[in-house]
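The values are calculated or read from the model by the stated rules, or taken from the named source; none is laboratory data. Here the structure is a predicted model, which is why all the values come from computation and not from measurement. Every residue, glycine as well, gets a Cβ built from its backbone with ideal geometry; the counts of neighbours run over all protein chains shown.
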Amino acid sequence: MHGITVTEYSEGARALTAVATAVIGLVATASAPAGAATAALDAAFPLDRPALVTDLPSAIGVAGTGGTLRAALVAIADQARAPVVVVRVNTNVDARWVDINVIGSTVNGSKIGLRALLAAEPQLGVRPRILGAPGLDTQPVAAALAVVSDKLRGFAYASALGADSDAAIA
């Protein structure tokens with residue numbers, strides 16, 4: 001049988017569940033202003049662990065002012081009202097370690113960085129399908145985004161790197 005099949009129940013109430021078909025997976029950085037308490041930021045967006053955001057305005061309020069998280073959440077809120085799985089990564093390291101932290105790995109049995117998006121469904125009950133790491137999407141990160149998006153059966157957004165279209169395609 002092809003197409004959609006509809007089954008009607010005429011007896012009793014049936015619960016409706018919302019199915020999120022456009023869950024965004026976001027890897028970002030964030031820091032609170034100098035001198036400000038970071039407790040709210042750390043509680044809402046723990047380092048290297050997926051956090052589910054369903055209330056974008058509230059999340060923007062605790063996203064801090066430094067890093068890429070606040071700007072990414074504002075951009076998402078301007079375009080859509082979708083659930084967002086956020087993985088906050090540490091970039092307070094040498095520049096050569098930033099890509100490694102964003103791409104992530106498995107440490108002590110826990111996935112970190114982009115790989116933490118793979119653990120979002122068992123932990124949060126949603127599977128991110130639209131992935132990105134705005135402002136952090138170097139060529140190695142973009143390649144890792146492609147691998148993770150294939151595993152999640154989703155797709156990734158990344159900056160086109162290169163001076164012209166041929167260089168970006170390469």
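Kindly indicate the residue of the range 105-132 that is farther than 18 Å from ASN90 by Cα and not hydrophobic (A, V, I, L, M, F, W, C) and also modelled with the lowest pLDDT among those meeting that condition.
Filtering the range 105-132 for residues that are farther than 18 Å from ASN90 by Cα and not hydrophobic (A, V, I, L, M, F, W, C), the one modelled with the lowest pLDDT comes out as GLY109.
Test ALA120 against the criterion of being touching a strand residue (DSSP E or B) at 6+ places or on another chain (Cβ under 6 Å) and small (Gly, Ala, Ser), and give yes or no.
Considered against the rule, which asks whether it is touching a strand residue (DSSP E or B) at 6+ places or on another chain (Cβ under 6 Å) and small (Gly, Ala, Ser), ALA120 comes out as yes.
Being part of a loop (DSSP other than H, G, I, E, B), without any contact (Cβ under 8 Å) to a residue 60 or more places away in the chain and closer than 19 Å to ARG49 by Cβ is true for just one of VAL98, VAL93. Which residue is that?
From the options VAL98, VAL93, the qualifying one is VAL93.
Going through ALA120, ALA163, ALA82, ALA71 one at a time, which residue ends up being out of contact with any helix residue (DSSP H, G or I) (no Cβ under 9 Å at 6 or more places or on another chain), touching a residue at least 60 places away in the same chain (Cβ under 8 Å) and either in a loop (DSSP other than H, G, I, E, B) or surrounded by 20 or more Cβ atoms within 10 Å (Cβ to Cβ) (or both)?
Testing whether each residue is out of contact with any helix residue (DSSP H, G or I) (no Cβ under 9 Å at 6 or more places or on another chain), touching a residue at least 60 places away in the same chain (Cβ under 8 Å) and either in a loop (DSSP other than H, G, I, E, B) or surrounded by 20 or more Cβ atoms within 10 Å (Cβ to Cβ) (or both) leaves just ALA120.
For residues that are part of a loop (DSSP other than H, G, I, E, B) and at positive phi, scanning just the range 44-68, find the one that is surrounded by the most Cβ atoms within 10 Å (Cβ to Cβ).
GLY64
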